[in-house]
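Taking it in order: structure first as structure tokens, then the write-up.
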Amino acid sequence: MSKVKVLFVCLGNICRSPLAEGIFTQKVIEMGLSDHFEIDSCGTSNYHIGEQPDPRTIKNALKNGVELNHQGRQFTYADFLEFDYILPMDQSNKRDIERLRPGHERAEALMMRYFDPLDKNANVPDPYYDEEKGFQEVFEILYRSCASLLDFLVKKHLN
Ligand code: 4NP
């Protein structure tokens with residue numbers, strides 16, 4: 001059986017998208033579904049290629065019981081071919097990747113908060129210039145959105 005391939009995208013790939021990757025991966029492991037998913041994250045910019053997540057994101061995730069390990073990389077048009085689902089964190093991330101879409105390619109780009117049961121139309125706010133409160137807010141948004149995304153994908157692909 002082929003794996004469901006999921007890619008989380010933000011601007012820097014050091015705050016929001018590696019956190020979404022970490023949370024979603026942990027939920028997949030907890031449900032015993034690791035064999036069914038391939039999970040990655042990337043940034044639209046080249047600002048932090050090769051870097052681990054922002055220390056503030058790592059610290060906040062650990063406080064919430066999630067360990068992060070990711071090396072920053074930049075989105076490329078080939079990701080449209082490789083992944084089934086691409087989850088941009090905000091509208092500008094979505095615009096930036098859609099500019100690179102090579103025509104008819106298969107991945108769907110669905111806004112991350114489309115899966116947020118509390119607010120389907122919002123962006124995941126960028127916490128980079130914010131304080132701990134902002135990082136915790138992003139954690140909570142991504143925690144509930146990842147739960148609902150996983151639920152959606154399990155129903156669609158694994159039942
Ligand atoms: P992210 O946050 O897109 O959630 O990783 C940012 C990280 C770095 C920068 C901007 C946003 N930056 O300008 O370096």
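The values are calculated or read from the model by the stated rules, or taken from the named source; none is laboratory data. As the structure is a prediction and not an experimental result, all values here were calculated from the model. Virtual Cβ from ideal backbone geometry, glycine too; neighbours counted across all protein chains shown. The accessibility values were calculated without ligands, DNA or RNA, using every heavy atom of the protein model including side chains. Shrake-Rupley method; radii C 1.70, N 1.55, O 1.52, S 1.80 Å.
Of all the accessible heavy-atom surface of the range 1-109, with the other protein chains kept in place and a 1.4 Å probe, what percent is carbon and sulfur?
On the way: 2620 of 5240 Å².
The nonpolar share, carbon plus sulfur, comes to 50 percent.
So, counting K/R as plus one and D/E as minus one, what does the shell of residues with Cβ under 14 Å around TYR47 add up to? Mind showing how you got there, number by number?
Values: positive: ARG16, ARG73; negative: GLU51, ASP54, ASP96, ASP126.
It works out to a net charge of -2.
Residues of the chain: accessible area per residue at 1.4 Å, in Å²?
Details: 8140 Å² over 159 residues.
Using a 1.4 Å probe on heavy atoms only, each residue of the chain averages 51 Å².
Just to confirm a number: summing +1 for Lys and Arg and -1 for Asp and Glu over residues other than ASN123 whose beta-carbon lies under 14 angstrom from that of ASN123, what do you get? List each step's numbers first, then the result.
On the way: positive: ARG16, LYS94, ARG95, ARG113, LYS120; negative: ASP90, ASP96, ASP116, ASP119, ASP126, ASP130, GLU137.
Summing Lys and Arg as +1 and Asp and Glu as -1 gives -2.
Is the shape of the range 99-159 best called rounded, prolate or oblate, per the rule: a/c under 1.5 gives rounded, else a/b larger than b/c gives prolate, else oblate, with a ≥ b ≥ c the square roots of the Cα gyration tensor eigenvalues?
Details: a/c = 2.83, a/b = 1.37, b/c = 2.07.
In terms of gyration-tensor shape, oblate.
Report the charge-dipole magnitude of the range 4-158 in Debye, nearest 20, computed about the Cα centre from +1 at each Lys and Arg Cβ and -1 at each Asp and Glu Cβ.
Numbers: 18 positive and 25 negative charges, 48 e Å.
Value, rounded to 20: 220 debye.
Specify the inter-centroid distance of the range 108-159 and the range 1-52, based on alpha-carbon positions, in whole Å.
Computed from Cα coordinates, the inter-centre distance equals 12 Å.
With unit charges on the beta carbons (Lys and Arg positive, Asp and Glu negative) and the dipole taken about the Cα centre of the range 1-151, which residue among GLN71, SER45, TYR143 sits farthest to the positive side?
SER45
So, counting K/R as plus one and D/E as minus one, what does the shell of residues with Cβ under 13 Å around PHE135 add up to?
Numbers: positive: ARG16, ARG56, LYS59, LYS63, LYS133; negative: ASP54, ASP126, ASP130, GLU131, GLU132, GLU137, GLU140.
Summing Lys/Arg as +1 and Asp/Glu as -1 gives -2.
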